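Single-structure report; data block below.
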Amino acid sequence: MFELSREGIEFVKKEMTRYETKRSAVIPCLFRVQKENGGWVSPESIAYLAQLMDVPERWVQEVATFYTMFNKQPVGKYHVQVCCNISCAMAGGREMTDKICQSLGVEEGAVSKDRRYTVSRVECLGSCGTAPMMQVNDDYYENLSADKAVKILRELE
Amino acid sequence: METKLLSQHYDKPEYVSLKGYLNLGGYEVLKRALKMEPKAIIDEVKASGLRGRGGAGFPTGTKWTFLPENGEPRYLLCNADEGEPGTFKDRIMLERAPHQLIEGMIISAFAVKSAKSYIYVRGEYQMCIRKLEKAIREAYDAGFLGKNILGSGFTHDMDVYSGAGAYICGEETGMISSLEGKKGQPKLKPPFPAVQGYLAKPTIVNNVETLAAVSLILRDGAAAYRKFGTEKSPGTKLFSVSGNVKKPGVYEVPLGYPLADLIQVECGGLDPGRRLKAVIPGGSSAPVLTAEEAMKATMDYECLQGMGTMLGSGAVIVIDDSNCMVDLLKVIMHFYHHESCGQCTPCREGTGWLHKIVHSIVSGEGRLQDVDLIPRVSRQMMGRTICALSDAAAMPAISFVEKFRDEFEFFVREGRSKVKGHLHA
Ligand SMILES: Cc1cc2nc3c(=O)[nH]c(=O)nc-3n(C[C@H](O)[C@H](O)[C@H](O)COP(=O)(O)O)c2cc1C
Ligand code: SF4
Ligand code: FES
């Protein structure tokens, strides 16, 4: 059964009064749930948040489905998101994604056997001048090459 | 040459903190502005001719006068969703000068008599969000935010809201829905947000760069601001330049600046041995220019409009002769198909079709009639949807086929790229 930590519950309580309406707190609170649930939002974690906030479950469901930053499937400890939009594609972002998957032995979108990595292709992340780039959890890595990216990913603790 | 009005201090790390910002003259404009009549501020912004930097280029002062005369509450929203492919200038501003934005926002809020503002930041910019939250706390502590700001009687609260990954939340009504905690689907206009926006209350939505420029205009005066740029496009603008140039980055130049100089002087030109093939001048929603057109273009709203494209968010994507235009159109169409919110049939179906057609060409399975199908499908998508995303997908598609038809036909005939040979789809 999923439950937020005590600090997590405190966070939700605060968010619920931070904005003009309680509903605005759904997105920030779902981020918190995702963080504490190992990087994804499960159906039961959605139901839990709805109950905790005392809002209709479909409010939370709607947000979880619409926004791409909410992972509806489990992800590895490091969620590696490689931009493959135009400027990054021109700088080899797509080939870099393939190389990362090969080197780490993981299929795109899947979780690696050791549960360390999930690699996905994403749209422009606002780093087009420092292409190619990837985002690993919250952090940006820019001006990459395939080798550099693989090295960075292998060395994450 | 670069003309650094907004970005003058971006190379100074201390500019991020309140202390550093104050030492470099920060919040002086706010002090003066709070002694003015709100109406006088709006008039100054109107006189400056400032046009919105988020993409549409709508005159900012005019937008502000669309608010009803009275009626509380009213909201100010800063659009920091920055999702237009190729654009990274707001991020630089948020990372290096959060107080510059905050000061511009307080002044703007005072002008439009708003007691509450939000900065809606795309969810991926977590670092910017943390910096903004810190800067807002500092501004509260210094008495620039909160009750009775600097003894003026004006009260204003500001907060940050994180998006969660959806390009469509950059569209102002989509952004408002998102801020309300819902899915970020755009709404039909009218009513415009200035009349019925956040929580159905009057709301002004402006881009990061627009709001930061407001304090610049009040600092120097509208006439001084107008010394830069052209009659119809006054001032300077931040351009995000990416793609095949030696020195990609954000450059501030006066509007009306020659695109050729931006590429060759500011960005150091192309790699040795490469030839310019095309330039997308305003983010991936802007129709592409051929090299020949690009060399004649100036970076202002009117010139680019005259060339059938647009300044958009000021994202310049430079494309050299090593690229396959069919392949790049596939990347662009994948994006719009992925980001269509699905409410309007022409957009939902059209972006799907376009992506499918270009994809099949790249897979070597295209037919000659597919090349004409691209502009035909695109034209069905224009001017008949709730928001401009549908047009934003259709317009570049038409331009790619019209201007680089030979590459599309070659691909269909030979089953491989004219430039790159076989591509993996
Ligand atoms: C699909 C779509 C995406 C948009 N994305 C952004 C964006 O990321 N940032 C932005 O400032 N404006 C964006 N806009 C424009 C906004 O709707 C709005 O016009 C703008 O924020 C107004 O601010 P301005 O007048 O200061 O430019 C987008 C528009 C559309 C149709
Ligand atoms: S045009 Fe496309 S993105 Fe805009 S509201 Fe309609 S379906 Fe959604
Ligand atoms: S295109 Fe990759 S970050 Fe913008």
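The values are calculated or read from the model by the stated rules, or taken from the named source; none is laboratory data. Nothing here was measured: the structure is a model prediction, and the numbers come from that model. Because the Cβ atoms are built from the backbone with ideal geometry, glycine has one as well, and the counts that use them run over all protein chains shown. Heads up: the accessible areas ignore ligands, DNA and RNA and are worked out on the full protein's heavy atoms, side chains in. Shrake-Rupley method; radii C 1.70, N 1.55, O 1.52, S 1.80 Å.
For the reader, a short list of remarks on this structure follows.
- Counting Cβ atoms of other protein chains within 10 Å of each Cβ in A:19-28 and taking the mean gives 6.
- Maximal additional length on extending the residue A:14-residue A:35 stretch stands at 5.8 nm, based on 0.36 nm per residue less the C-alpha distance.
- A simple charge model with +1 on the Cβ of Lys and Arg, -1 on the Cβ of Asp and Glu and nothing else charged puts the dipole of segment A:6-66 at about 160 debye relative to its Cα centre.
- Rounded to whole numbers, the Karplus 3J(HN,Hα) couplings from phi for segment B:359-364 are 4, 5, 4, 5, 6, x Hz, using 6.51 cos²θ - 1.76 cosθ + 1.60 with θ = phi - 60°, and x at Gly and Pro.
- Heavy-atom accessible surface of the protein assembly as shown: percent carbon and sulfur, 1.4 Å: 52
- Pairwise inverse Cα distances across segment B:13-226, averaged and inverted, put the Kirkwood hydrodynamic radius at 17.0 Å.
- Label point at residue B:150 placed 7 Å out along Cα→Cβ; residues across segment B:5-37 whose backbone nitrogen lies under 20 Å: B:6, B:9, B:15-37
- Nearest 10 degrees, 0 to 90: helix B:389-403 Cα axis against chain B principal axis: 40
- Cα-Cα separations in segment B:303-416 greater than 17 Å, expressed as whole percent: 53
- When both segment B:349-407 and segment B:147-169 are represented by their alpha-carbon centers, they are found 40 Å apart.
- Residue B:296/residue B:200 FRET efficiency (R0 45 Å; Cβ-Cβ; nearest 0.05): 0.45
- For residue A:117, residues with placed amide H under 5 Å, excluding near neighbours: A:77, A:78, A:112
- In plain terms, the chain from residue B:367 to residue B:4 could stretch by 125.7 nm, reckoned as 0.36 nm per residue minus the Cα-Cα distance.
- Cα Rg over Rh - segment A:78-154, Kirkwood: 0.93
- Neighbour net charge for residue B:144 - beta-carbon separation under 13 angstrom, K R +1, D E -1: -2
- For segment B:103-149, a simple Cβ point-charge model (Lys and Arg +1, Asp and Glu -1, everything else neutral) yields a dipole of about 120 debye relative to the Cα centre.
- ³J(HN,Hα), Karplus 6.51/-1.76/1.60, whole Hz, each residue of segment B:156-165, x for Gly, Pro: 8, 10, 9, 8, 10, 10, 8, x, 9, x
- For residue A:107 and residue B:62, the FRET efficiency from 1/(1 + (r/R0)^6), where r spans their Cβ atoms and R0 equals 60 Å, is about 0.70.
- Here the spin labels are modelled as points 7 Å beyond Cα on the Cα-Cβ line, and at residue B:220 and residue B:70 they lie 3.9 nm apart.
- Estimated D of chain A in µm² per second, where Rh is the Kirkwood radius over Cα pairs and Stokes-Einstein applies at 20 °C, 1.002 mPa s: 128
- Between B:77, B:1, B:254, the Cα set farthest toward the positive side of the dipole of the protein assembly as shown (charges on each charged residue's Cβ, about the Cα centre) is that of B:77.
- For residue B:277, the residues 5 or more places off, or on other chains, whose built amide H falls under 5 Å of its own are B:319, B:320, B:321.
- Here's how it looks for residue A:126: its modeled amide H is under 5 Å from those of B:86, which are all 5 or more places away or on a different chain.
- Between residue A:73 and residue B:36, the C-beta separation translates, for a Förster distance of 60 Å, into a calculated FRET efficiency of about 0.65.
- Solvent-free Debye scattering, log10 I(q)/I(0), computed from the Cα coordinates of the protein assembly as shown at q = 0.05, 0.12 Å⁻¹: -0.20, -1.27
- Residue B:48 sits with roughly 0 Å² accessible to a 1.4 Å probe, with DNA, RNA and ligands left out of the calculation.
- Projected onto their three principal axes, the Cα atoms of segment B:33-138 cover extents of 37, 31, 22 Å, largest first.
- In degrees, nearest ten, helix B:405-414 long axis to first principal axis of chain B (Cα): 40
- 3J(HN,Hα) along segment B:295-300, derived from phi through the Karplus expression 6.51 cos²θ - 1.76 cosθ + 1.60 where θ = phi - 60°, amounts to 5, 9, 7, 10, 8, 9 Hz, with x in place of Gly and Pro.
- Here the Debye sum runs over all C-alpha atoms of chain B as equal scatterers in vacuum, and log10 of I(q)/I(0) at q = 0.07, 0.08, 0.12 Å⁻¹ comes out as -0.34, -0.45, -0.97.
- Peptides B:364-376, B:335-347 ordered by average Cβ neighbours within 10 Å, highest first: B:335-347, B:364-376
- Residue-span extension gain [residue A:3 to residue A:62] - 0.36 nm each, minus C-alpha spacing: 19.2 nm
- Given charges at Cβ of Lys, Arg, Asp, Glu: segment A:78-154 dipole, positive-most of A:83, A:93, A:106: A:106
- P(r) histogram, all alpha-carbon pairs of segment A:6-66 included - 10 Å bins from 0, percent: 24, 62, 14
- Its Cα centre serving as origin, chain B has a Cβ charge dipole (Lys and Arg +1, Asp and Glu -1) of approximately 480 debye.
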